[in-house]
Amino acid sequence: MLQLNCIVIFFILGSFSPLARAMLNLTLPGQHPDPDSVVREFHRKVNASITRRQMLAESQIQESSCLTGNPIDDCWKCDPDWPNNRQRLAECAIGFGQYAKGGQGGEFYIVTDSSDDDAVNPKPGTLRYAVIQTQPLWIVFPSNMMIKLSQELIFNSYKTIDGRGADVHIVGGGCITLQYISNVIIHNIHIHHCHPSGEANVRSSPDHYGWRTESDGDGISIFGSKDLWIDHCTLSRCKDGLIDAIMGSTGITISNNYFSHHNEVMLLGHSDDFQPDTGMQVTIAFNHFGEQLVQRMPRCRRGYIHVVNNDYTHWEMYAIGGSGNPTINSQGNRYTAPTNPFAKEVTKRVDTEEGKWKGWNWRSEGDVMVNGAFFVASGEGVEVKYEKAYSVEPKSADHIDFLIMHAGVLGVSRDNNLGMWSRGRNGEGDGIAVTGPEYTDDMAGTTKMKAEWFGGCVIWCLIAFLWGLLCEL
């Protein structure tokens, strides 16, 4: 409630005067006062993990499952008894979401029922029953599950969803909504085929339920929330965004995820004019942006966005876009441009004239550009600010291969094709077969995306053909 009240007050103040709007820059709850220090600490941890890996002989590296050079994975994987020490994961986040403790210190809750028949009175044993509780909970799964949501899955604060050891898929209506809460960890979950839901009552706590209007169909919708960590998830094929964070959300780390088969991947910021999003701080690290992605990886409005050590292997329009003067700090990423000669640019200033965006603080440091990719930096007179951020040198994209080698859900296929899911906990078939038309690419809107992509390819081919004719003339 404090977060909501603050955002409302900020919005009222921001409507009065430039001085009042300027006051918003350092008052968002959860905003770190020195984002560059968070960047420096991030690089210190990455450098330390890579150094430990490099000190090992090649034979030791092959035998070790933990010293990957990825500081998040090394933090918990190096404990051989991690299944009995699961809550140690909460100590492993880095970046702006490092304070997300999830359900640490709370009881373990075992999801025994994959159904979601009643969004107002969920049954004990279901995932919905767990996430609405007021106390911290560490939520685990004893077996593979396909959870088909009937409505948005609205979380309460201090929850961890820990899918390690099982193959857990969340699909259907919503899907995940984090609204005016804090301290949530979502780890090792497939999230896909999410479509709009709503026009129904949905419970958000043991003592409250209310009417929900139609949702957008995001995979994960973050609204006015802070201290969040999304790690090792596989996301694809949703109606709107895979991850959207708006309305004064901050303190977020999005790491080790695998994104694919989607148009508008990630939105950070509500609108160009929404002042509280100036305090938004997000770390995007060790992710793989994979096949059949189009744009918004992310698309930023305001805030400080640290994009570091990611592998971009596919985009159709652009990778990183923005408006409203966001700070974008791109370090140690690998950008592989598509074959389309008109889509080589990594960056896109959305609906903004060059005279305005020239002063925006967009920087590229240690990035590797492949197949003609190029990053258009901007921001005159900001070198001093970025000198602090680079005082610990970011590792170059030469290390990307092993930093992101385990991106997405661990131990199982990255594919979120529902018809292909028949894997057991240890890679063996368990008789689970998902069939039927309930959750399809048509419902999630990805068939339309494919059609638009195909149309774009046809147009590009015609342009290239005409250009060749002109050149010959």
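Bear in mind that the values in this text are calculations on the coordinates, not laboratory data. Keep in mind the model is a prediction, meaning the values are calculated, not measured. Cβ: placed from backbone, ideal geometry, glycine included. Neighbour counts: every protein chain shown.
A compact table of results
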{"quantity": "The stretch 276-383 shape via C-alpha gyration tensor axes, a/c threshold 1.5", "calculated": "prolate"}
{"quantity": "Cut-off 17 Å, label 7 Å out along Cα→Cβ of CYS78, residues of the stretch 33-54 by amide N", "calculated": "42-54"}
{"quantity": "Potential lengthening between SER143 and GLU354 on full extension [0.36 nm per residue; Cα-Cα distance subtracted]", "calculated": "70.6 nm"}
{"quantity": "Beta bridges by DSSP in the stretch 2-403, antiparallel share as percent, to the nearest 5", "calculated": "5 percent"}
{"quantity": "LEU153 long-range amide H proximity, modeled H, under 5 Å", "calculated": "ILE176, THR177"}
{"quantity": "For the stretch 325-334, 3J(HN,Hα) per residue [Karplus equation, 6.51 cos²θ - 1.76 cosθ + 1.60, θ = phi - 60°, Hz, x = Gly/Pro]", "calculated": "6, x, 8, 10, 10, 9, 9, x, 9, 10"}
{"quantity": "J(HN,Hα) series, the stretch 150-160, from Karplus relation 6.51 cos²θ - 1.76 cosθ + 1.60, nearest Hz, glycine and proline x", "calculated": "8, 8, 3, 8, 8, 8, 9, 5, 6, 10, 10"}
{"quantity": "Computed over the stretch 250-346: relative contact order in percent, which uses C-alpha pairs under 8 Å that are six or more apart", "calculated": "26 percent"}
{"quantity": "Charge tally in the Cβ shell below 11 Å around THR177, where Lys, Arg are +1 and Asp, Glu are -1, THR177 excluded", "calculated": "-3"}
{"quantity": "Residue-wise HN-Hα coupling along the stretch 169-178, computed from phi with Karplus coefficients 6.51, -1.76, 1.60 (Hz; x: Gly, Pro)", "calculated": "10, 10, 9, x, x, x, 9, 9, 10, 10"}
{"quantity": "Across LYS101/LYS226; LYS226/LYS358; LYS45/LYS159, pairs whose alpha-carbon gap is larger than 22 Å", "calculated": "LYS226/LYS358; LYS45/LYS159"}
{"quantity": "Cut-off 9 Å between beta-carbons: net charge of the residues surrounding ARG299, Lys and Arg +1, Asp and Glu -1", "calculated": "+2"}
{"quantity": "Computed lengthening from GLN135 to ASP207, 0.36 nm per intervening residue step minus Cα-Cα distance", "calculated": "24.6 nm"}
{"quantity": "Amide H within-cut-off set for GLU365, under 5 Å, with H built and near neighbours excluded", "calculated": "SER330, GLN331, GLY332"}
